Amino acid sequence: MNTKILNFHPFKEVYAEEFNRAPKGFEEITQEEFAKSKFFYYSHIASEYKQITENFDGTPIGTGNIAIPIKLFWFFDGTGVGISNNWMEWTVKFFRFGCCHKYEEYSKEIAVKRNLPYSGGRCMHNMVCTKCGHIYQYDSSD
Ligand SMILES: [Zn+2]
């Protein structure tokens, strides 16, 4: 199980403990969107199998009681993608979930003022998502 990620921000805002419930922001994407997704250039930090019948808020998803069997792949930033197969038709559908981050770079002054982590250095970038508050720090010299 993925109980470890429950206490790790921002997953607690996105992760649904119920087996049949989708993570927050769950939506189908096209094959092209999946091809451009993080799946191909980041390592996932967790994966899980679910049979989804409900949205994150508990409302029914799709039609009838047909569950979406899906393998979810979680990334470091609380987002992820899912791959669902239809074993009757031998087809595959793709999904995404989590925040559509909108990052904004912040200065040391802002970090102090808002109690945000800050890493100094000429090539360090300190970013915060204006929608969910996820912090993303990276070194652009690599
Ligand atoms: Zn975000």
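The values are calculated or read from the model by the stated rules, or taken from the named source; none is laboratory data. Values in this document were obtained by computation on a predicted structure and should not be read as measured data. Neighbour counts run over all protein chains shown; Cβ positions are idealised from the backbone, glycine included.
Please verify whether CYS100 is touching an Asp or Glu at 6+ places or on another chain (Cβ under 9 Å) and of a type outside the set (A, V, I, L, M), treating the condition exactly as stated.
Values: touching an Asp or Glu at 6+ places or on another chain (Cβ under 9 Å): no; of a type outside the set (A, V, I, L, M): yes.
For CYS100, the condition - touching an Asp or Glu at 6+ places or on another chain (Cβ under 9 Å) and of a type outside the set (A, V, I, L, M) - is not met.
I need a count of the residues in segment 82-113 that are in contact with a strand residue (DSSP E or B) (Cβ under 8 Å, 6 or more places away or on another chain) and within 16 Å of the ligand (Cβ to nearest atom).
Total meeting the criteria: 10.
Just to check your reading of the model, which residue among ILE45, ILE83, ILE110 is of a type in the set (A, V, I, L, M) and under 13 Å from the mean Cα position of the chain (by Cα)?
Sole residue among the options that is of a type in the set (A, V, I, L, M) and under 13 Å from the mean Cα position of the chain (by Cα): ILE45.
From the residues in segment 97-142 that are hydroxyl-bearing (Ser, Thr, Tyr), assigned to a strand (DSSP E or B) and under 28 Å from GLU28 (Cβ atoms), which one is modelled with the highest pLDDT?
TYR103
Being at pLDDT 90 or above, in contact with an Asp or Glu (Cβ under 9 Å, 6 or more places away or on another chain) and buried (at least 17 other Cβ atoms within 10 Å of the Cβ) is the requirement here; does PHE94 meet it?
Yes: the conditions hold for PHE94.
Tally the residues that are surrounded by 14 or more Cβ atoms within 10 Å (Cβ to Cβ) and within 16 Å of the ligand (Cβ to nearest atom), restricting the search to segment 114-124.
Summing the residues that are surrounded by 14 or more Cβ atoms within 10 Å (Cβ to Cβ) and within 16 Å of the ligand (Cβ to nearest atom) in segment 114-124 gives 1.
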